[in-house]
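First the structure, in the form of structure tokens, and then the observations on it.
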Amino acid sequence: LGGPAKAAEIPPALTNPGPLTEQVFGAADAPVTVVEYASMTCGHCANFHLNVWPDVKKEFVDTGKVRFIIREFPFDPRATAAFMLARCMGDDKWYATVDLLFRSQSVWARAADGTQGFLSALSLTGLDKATMETCLSDQALLDKINKVAATGRELGVSSTPTFFVNGVKYEGVIPLEKFRSILAPLLAEAGK
């Protein structure tokens, strides 16, 4: 889907953090920025985060080469609820909650009783039913998550995961080798 993008070609909507605190990993001055739009009920997103992300993080993010941003793009009410619960846990626990939810996707995503599914999946966090109900009734939070998703749609996101690597869009799970081939010319250009 195209070659390396120059900074001037990156759509402003992609660089605007939107109404929620950005969930950013890596150095602010990294030469490459990857923005991922994900849905919590997406099996491909779970696959990426459980099987590819740890290596991408170790090889590119932790070494200062890539700044990685994860944004909410829920496809259904249960994915929206999962993102809301992660946000209600606090920014410092957001990714740990997202990680736990991806790892336990089979427990809550397709459970007949969504409430019980979430309570079961998030029992280690101390989440109780009252706290969950308060979180899920936060209209302002729901509106913010919907705004992040709407911005994604403006950028052409229609499936998850969708990645923007320095502004260039890639759809679907990107295996580690493909990430390496996408990032190599961008890093070479930056002298990394």
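How big is region 150-189 along each principal axis, measuring the range of its Cα positions in Å and listing the largest first?
Result for region 150-189: principal-axis Cα extents of 33, 20, 8 Å.
Just the number please: accessible area per residue for the chain, 1.4 Å probe, all protein chains included, in Å².
On a per-residue basis, 46 Å².
How big, on average over all directions, is the shadow cast by the Cα convex hull of region 46-104, in nm²?
The directionally averaged projection comes out at 4.3 nm².
Of the heavy-atom accessible surface of region 109-166 (probe 1.4 angstrom), what whole percent is carbon and sulfur?
50 percent
Just to check I understand the Karplus step: with θ = phi - 60° and J = 6.51 cos²θ - 1.76 cosθ + 1.60, what whole-Hz values come out for region 12-23, glycine and proline as x?
Rounded to whole hertz, the list is x, 4, 6, 8, 7, x, x, x, 10, 4, 5, 9.
Using only the Cα atoms, work out Rg/Rh for region 113-189, with Rh taken as the Kirkwood radius, to two decimals.
In region 113-189, Rg relative to Rh is 1.15.
Compute log10 of I(q)/I(0) for the chain with the Debye formula, placing one identical point scatterer on every Cα and leaving out solvent, at q = 0.10, 0.11, 0.12 Å⁻¹, to two decimals.
The calculated log intensity ratios at q = 0.10, 0.11, 0.12 Å⁻¹ are -0.40, -0.48, -0.57.
For THR21 and LEU142 in one chain, what is 0.36 nm times their gap in residues minus the Cα-Cα distance, to one decimal in nm?
42.2 nm
Cα atoms only, region 84-147: Rg and Dmax in Å?
When restricted to the Cα atoms of region 84-147, Rg and Dmax are 11.3, 30 Å.
Measuring from centroid to centroid over Cα atoms, what is the spacing of region 60-125 and region 141-166 in Å?
If you average the Cα positions of each part, the centres end up 16 Å apart.
The values are calculated or read from the model by the stated rules, or taken from the named source; none is laboratory data. Keep in mind the model is a prediction, meaning the values are calculated, not measured. When the accessible area is computed, the model is the full protein with side chains, heavy atoms only, and any ligands, DNA or RNA have been set aside. Shrake-Rupley method; radii C 1.70, N 1.55, O 1.52, S 1.80 Å.
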